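Just below is one structure, and these are the notes that go with it.
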Amino acid sequence: MIRLAGRVALVTGGLRGIGRATVERLLEEGASVMVADLDAAGDDGLGPNTAYVRLDVGDEDQWRAAVEAIRARFGRLDILVANAGIGGTGPIRTIALEDWHRTLRVNLDGVFLATKHCADLMAESGRDHRGGASIINISSIMGLVALAQAGPYNASKGAVRLLTKSTALEFAGAKLPIRVNSVHPGFVETPLLMETSNADALAFYTAGTPMGRMAQPSEIAAAIAFLASDDASFMTGSELVVDGGWTAQ
Amino acid sequence: MGGGMDGTVALVTGAGGGIGRATVEALLAGGAEVIATDLKAPSCGTLNLAQDVTDEAGWAQLATVIQERWGRLDCLVNNAGIATVSTIEDNDLASWRRQMGVNVDSMLLSCKAMLPLLRESGKSRPGGASVINLSSVGGLGGAPFMAAYCTSKGAVRLFSKSAAIEFAVLKYNIRVNSVHPGGIETAMMDDIIDAYVRLGVAPDRATARAAVDAQHPIGRWGKPEEVASGILYLCSTASSFMTGSELVIDGGFTAH
């Protein structure tokens, strides 16, 4: 499908996993993509309609520079996918405050700063589309239900869920043409999760998912592309749960 | 939209109404063949039939028709529904049962009758066969003067989740999701506005309409096409990891 011709997207954490699959999907649908990541881009073969900016999503000065880079390179921003995220687990009585802050800084500050600094440019660009501009914040099923010893991660993703709704209401109330929704993936076969999970953990993810398997990153990317497009023109403040049935139980 | 549904066989109930008709049109535009039903046969589908969704024998006949012509069903859109507007004290049992019959009994009858055809699709369709049940924002939160309707739509929400898990556990490769529209520009919403005036809840249509408008942060009601595009996403392979989920298309209604 080509639903996003002429549109410009920013994907944070865009080099790996869900972010990388999202970049590929948005390109397929005709968008140009600014790929933001903490890692260096290298020679990753993403193609001509992309640009790369190094971005630590928890650093406000870097956000100002990133948005200026988007403005200079593309002149507009129609789609923001706030995808960058890290884990955050451990027994609550032993978690160091700095580890707690590290998770919240990336997973929550990163989403806040993304919206704060992209909104002006997106408000301009959104007027060109029936469905406006679209912000897609990547939460998780761990923003809806909890797991033991996932306190920092649960807290960060739950916060993203309601930050998303509050932002959606604020922009709708201000008549800004920007929709804001959250995506809640279940367990996805990302490099990060596969590298950090032992066999028991992987078996738990699979057995706990009614569909009996983990998701491919491309299946989350397809959901993100739907929200990015005018097909979701009446959706704002919603949660798109893509979890193989995990939270239906 | 466009594309992505070539060769898909879909059934849409309530296809004479706003969302139903828009869904049929979106599926056809995407390349699907669509069986469209309503109490009075609609005219928008590949095949158009009269159907009372509360009639079990009628469901069996419809399954036979689809079996003989297509041999499978890829997408089932259970859209037919009615909305009772009444105070609880004036809601008579016959009206209550009618509300539950059309909105809830139909879900069971539909899934039962279509299951063999859906399973056949699930054997080969990438992303699996897809059942989409129309709930409402009224299936997520209560509303005054709509107890029967909200009860029925809440039931649709959890029927969908249960069916989703059951079909997953049974390895049928059939996904089941619910769709929750907010206020949409349809004849049903017009009737609801009229009923508010009739009940004396609002002095006139403009006031009743303004009250409903105010519940939608986006500042307007949705168009049937904006629900149809969400349904099409759930029909398509793009939603291959979604089952038991709620697609809320409500302009922010339930975000506050």
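The values are calculated or read from the model by the stated rules, or taken from the named source; none is laboratory data. Note that this is a predicted model, so its numbers are computed, not measured. Positions of Cβ are generated from backbone atoms using ideal geometry, with glycine treated the same way; all protein chains shown enter the neighbour counts. All accessible areas refer to the heavy atoms of the entire protein, side chains included, with ligands and DNA or RNA removed. Shrake-Rupley method; radii C 1.70, N 1.55, O 1.52, S 1.80 Å.
A compact table of results
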quantity	calculated
Given (1) within 18 Å of A:Ala114 (Cβ to Cβ); (2) in contact (Cβ under 8 Å) with a residue 40 or more places away in the chain, index of the condition A:Ser166 fails	(2)
Residue list for segment A:61-120, restricted to those being in a loop (DSSP other than H, G, I, E, B), among the hydrophobic types (A, V, I, L, M, F, W, C), open to solvent by 20 Å² or more (accessible area, probe 1.4 Å) and farther than 22 Å from A:Gly17 by Cα	A:Phe74, A:Ile92, A:Ile95, A:Ala96
Criterion (within 14 Å of chain A (Cβ to nearest Cβ) and under 27 Å from B:Ala60 (Cα atoms)) met by exactly one of B:Ile165, B:Ile184	B:Ile165
Residue within segment B:78-90 that is in contact with a His (Cβ under 7 Å, 6 or more places away or on another chain), assigned to a loop (DSSP other than H, G, I, E, B) and within 20 Å of B:Lys161 (Cα to Cα) present	no
Count - residues of segment A:193-205 that are among the hydroxyl-bearing types (Ser, Thr, Tyr) and not in a loop (DSSP other than H, G, I, E, B)	2
Hits in segment B:118-140 (condition: within 19 Å of B:Leu62 (Cβ to Cβ) and either surrounded by fewer than 19 Cβ atoms within 10 Å (Cβ to Cβ) or at pLDDT below 95 (or both))	B:Arg119, B:Glu120
Looking only at segment A:220-249, and only at residues there that are within 16 Å of B:Ala164 (Cβ to Cβ) and not small (Gly, Ala, Ser), the one that is farthest from the chain's Cα centre (by Cα)	A:Gln249
Selected residue (criterion: farthest from the chain's Cα centre (by Cα)) from residues of segment B:10-43 that are assigned to a loop (DSSP other than H, G, I, E, B) and surrounded by fewer than 19 Cβ atoms within 10 Å (Cβ to Cβ)	B:Gly31
Selected residue [touching an Asp or Glu at 6+ places or on another chain (Cβ under 7 Å) and of a type in the set (A, V, I, L, M, F, W, C)] from A:Leu113, A:Leu108	A:Leu113
Members of segment A:209-233 that are under 14 Å from B:Gly230 (Cβ atoms), open to solvent by 10 Å² or more (accessible area, probe 1.4 Å) and within 7 Å of chain B (Cβ to nearest Cβ)	A:Asp231
Hits in segment A:46-60 - residues which are in a loop (DSSP other than H, G, I, E, B) and charged (D, E, K, R)	A:Asp56, A:Asp59
Residue selected from segment A:1-45 under the condition part of a loop (DSSP other than H, G, I, E, B), open to solvent by less than 40 Å² (accessible area, probe 1.4 Å) and among the hydrophobic types (A, V, I, L, M, F, W, C), by the criterion nearest to the other protein chains (Cβ to nearest Cβ)	A:Leu4
Matching entry among B:Ala210, B:Ala238, B:Ala206 (being within 9 Å of another protein chain (Cβ to nearest Cβ) and either open to solvent by 20 Å² or more (accessible area, probe 1.4 Å) or closer than 18 Å to A:Glu239 by Cβ (or both))	B:Ala238
Any chance B:Thr54 is of a type in the set (S, T, N, Q) and either open to solvent by less than 40 Å² (accessible area, probe 1.4 Å) or without any contact (Cβ under 8 Å) to a residue 40 or more places away in the chain (or both)	no
Odd one out for B:Ser245 among (1) modelled with pLDDT under 95; (2) out of contact with any Pro (no Cβ under 8 Å at 6 or more places or on another chain)	(1)
Within segment B:216-226, tally of residues that are in contact with a Phe, Trp or Tyr (Cβ under 7 Å, 6 or more places away or on another chain) and more than 7 Å from chain A (Cβ to nearest Cβ)	1
Residues of segment A:206-229 that turn out to be in contact with a strand residue (DSSP E or B) (Cβ under 9 Å, 6 or more places away or on another chain) and either not in a helix (DSSP H, G or I) or not aliphatic (A, V, I, L, M) (or both), as a count	9
Filter result for A:Gly58 (in contact (Cβ under 8 Å) with a residue 60 or more places away in the chain and small (Gly, Ala, Ser))	no
Meets criteria (open to solvent by 20 Å² or more (accessible area, probe 1.4 Å) and touching a residue at least 24 places away in the same chain (Cβ under 8 Å)) for B:Ala143	no
Segment A:234-249 residues that are facing chain B (nearest Cβ under 7 Å), paired with ones that are open to solvent by less than 20 Å² (accessible area, probe 1.4 Å) and at pLDDT below 95 (beta carbon under 6 Å, 6 or more apart)	none
Cross-chain or 6+ apart pairs with Cβ under 8 Å, segment B:200-216 first and over 19 Å from B:Ile249 (Cβ atoms), then assigned to a loop (DSSP other than H, G, I, E, B)	B:Val201/B:Pro144; B:Val201/B:Phe145; B:Ala208/B:Val201; B:Ala208/B:Ala202; B:Ala211/B:Ala202
B:Ser160 within 17 Å of the chain's Cα centre (by Cα), open to solvent by less than 10 Å² (accessible area, probe 1.4 Å) and either within 17 Å of B:Leu234 (Cα to Cα) or more than 11 Å from chain A (Cβ to nearest Cβ) (or both)	yes
Residues within segment A:25-43 that are in contact with a helix residue (DSSP H, G or I) (Cβ under 7 Å, 6 or more places away or on another chain) and under 18 Å from A:Ala222 (Cβ atoms), tallied	4
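So that you can scan it fast, the table gives a plain yes or no per residue for (1) more than 30 Å from A:Leu176 (Cβ to Cβ); (2) among the hydroxyl-bearing types (Ser, Thr, Tyr):
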| site | (1), (2) |
| --- | --- |
| B:Ser124 | yes, yes |
| B:Val131 | yes, no |
| B:Arg175 | yes, no |
| B:Gly200 | yes, no |
| B:Arg209 | no, no |
